[in-house]
Amino acid sequence: MMAGDWLQGPYVYYLYTTYGYGKGDIGQLFIAGFGSSMLFGTIVGSLADKQGRKRACITYCITYILSCMTKHSPQYKVLLLGRILGGVATSLLFSAFESWLVAEHNKRGFEQQWLSLTFSKAIFLGNGLIAIVSGLFGNFLVDIASLGPVAPFDAAACILAIGMAIILSSWGENYGDPSDNKDLLSQFKGAAVAIASDEKIALLGAIQSLFEGSMYTFVFLWTPALSPNDEEIPHGFIFATFMLASMLGSSFASRLMARSTPRVESYMQIVFLVSAASLLLPIVTNFFIAPSEVKGGGISLGSSIQLLGFCAFEGCVGIFWPSIMKMRSQYIPEEARSTIMNFFRIPLNIFVCIVLYNVNAFPITIMFGMCSIFLFVAAVLQRRLMVITDKSKSDEWTSMKERDVETEPLNDD
């Protein structure tokens, strides 16, 4: 499933430029994707809890295959439709599969600790190894085999079709809330109440939105940041390098999560601070190294330094995914898991749409500065989450001790 997504990643922006579209038009195409993820994705995610997670995963395959097919057309409206379908698919990729896994894991009565291991492996393989292989394979199709920028999208469609066949033949179905009389609106209300009544869930949602918002803005900005004067940069290889950094991050996270200390809530503060610092590098390099005025050529010194910072950020992304998955499995109630997870994506998508809509209005350094501020705020909120979880744990410990004290005189009698 991730391979189908990763194969497309490095070439979306590039494909649109080959069709002759500028930064503003491309920004609007990206907005269509994030906007559709926000509007339709939230509804489709809620239907996953009600209609079944396996069905939702199959829907992901179908919508993404259709999205890949639209890339053959240079027509703006067709490409726009492709982005809308892609937006729905992305929402399902990041909610339905995880919801299916958690429910299936609990249904079979497996140990909770195993879930952390599965998440780490999923990120290590799916976000790491598969992404690197996809980046290199995409590079091979476009640059070496010279099959054109649409080739990775065709390859993605084939891989998604294989994945769909595996899901259809080997997965069981599971649902969120078993009460069938709940309509979509009451599901939304239930999810909103859960977020509003539990500060831990609200904080988790805010942290996720701030981090992912910065991450998706980075996805749009790294290509123009590394080639400000249309330098020739190897997209597939740079993407593979990013994924290698992400893979190292997730491997590090699995080691951290296997130990009882430090807790996820504790070390994630440092991760957010490091990621905030790494996205400040484009501002620092622009300040100290005069940008080149020559068009074309290879990657510049300033861009090479930025690339190191971007790799550090991708390492933080690798730690973020399994860690946030672990926290979500602890704090989000099972009956509305997909709905709540898609609720978290609403502020994220609004933020990314606003950024992309104003992409021509601000210099790229301002955009990176804004992302850096958001990541710093995420670190502050993560601190608050740790304080709350520590307090609730100490309260539980106190009440247990009180109960023990109350039962002791009875034992003496």
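Within the listed set Glu104, Glu335, Glu173, the residue fluctuating most in the Gaussian network model of the chain (springs between alpha-carbon atoms under 10 angstrom) is Glu173.
At a threshold of 8 angstrom on Cα-Cα distance, excluding pairs fewer than six apart, so keeping six or more, what relative contact order does the chain reach in percent?
RCO, the chain: 27 percent.
Report summary: the helix-based calculation at 222 nm, which adds -39500 (n - 2.57) for every DSSP H run with n ≥ 4 and divides by the residues of the chain, gives -26500 deg cm²/dmol. Taking the solvent-accessible surface of protein heavy atoms with a 1.4 Å probe, what is the per residue accessible area of the chain in Å²? In whole numbers, the chain has 45 Å² accessible per residue. Electrostatic tally near Ala258: other residues with Cβ closer than 14 Å to its Cβ, Lys and Arg +1, Asp and Glu -1, net +4.
Estimated from the Cβ-Cβ distance and a Förster radius of 41 angstrom, the FRET efficiency linking Ser146 and Glu334 is about 0.25. Normalising the Debye intensity of the range 14-141 to I(0), with uniform scatterers on Cα atoms only, and taking log10 at q = 0.10, 0.14, 0.15 Å⁻¹ returns -0.41, -0.76, -0.85. In this structure, the pairs whose alpha-carbon distance is over 22 Å, taken from Lys121/Lys393; Lys50/Lys77; Lys107/Lys200; Lys200/Lys393; Lys54/Lys77, are Lys121/Lys393; Lys50/Lys77; Lys107/Lys200; Lys54/Lys77.
Phi-derived couplings, Karplus 6.51 cos²θ - 1.76 cosθ + 1.60 at θ = phi - 60°, listed residue by residue for the range 192-200: 5, 5, 4, 5, 6, 8, 10, 4, 5 Hz, with x used for Gly and Pro. Once both labels are positioned 7 Å from their Cα atoms along Cα-to-Cβ, the gap between Ile299 and Val78 label points is 3.4 nm. Residues whose amide H comes within less than 5 Å of that of Ser227, counting only those at least five positions distant or on another chain, are absent (H built at 1.01 Å from N in the peptide plane). Ranking Val359, Ala103, Ile207 by how far each Cα lies toward the positive end of the dipole of the chain (charges on Cβ) leaves Val359 at the top. Annotation for the range 216-292: GluC sites (Glu not before Pro) lying in DSSP loop with at most 15 further Cβ atoms inside 10 Å of their Cβ are Glu232.
When the accessible area of the range 184-398 is computed with all protein chains present and a 1.4 Å probe, what percentage of it is carbon and sulfur? With neighbouring chains kept in place, the figure for the range 184-398 is 70 percent.
Could you tell me which of Gly27, Tyr13, Ala89 has its Cα farthest along the dipole of the range 1-123 towards the positive end, charges placed at Cβ (Lys, Arg +1; Asp, Glu -1), taken about the Cα centre? Selected residue: Ala89. Once the C-beta distance of Ala192 and Val219 is scaled by a Förster radius of 25 Å, the resulting FRET efficiency is 0.30 to the nearest 0.05.
With a Förster radius of 30 Å, plug the Cβ-Cβ distance of Lys107 and Arg384 into 1/(1 + (r/R0)^6) and report the FRET value to the nearest 0.05. Here the calculated transfer efficiency is 0.35. On the range 1-175, 70 percent of the accessible area sits on carbon and sulfur atoms, based on a 1.4 Å probe.
The values are calculated or read from the model by the stated rules, or taken from the named source; none is laboratory data. Since the model is a prediction, treat every value here as computed from it, not as a measurement. Note that each Cβ is placed from the backbone with ideal geometry, even for glycine, and that neighbours are counted across all protein chains shown. With ligands, DNA and RNA removed, areas are computed over all heavy atoms of the protein, side chains included. Shrake-Rupley method; radii C 1.70, N 1.55, O 1.52, S 1.80 Å.
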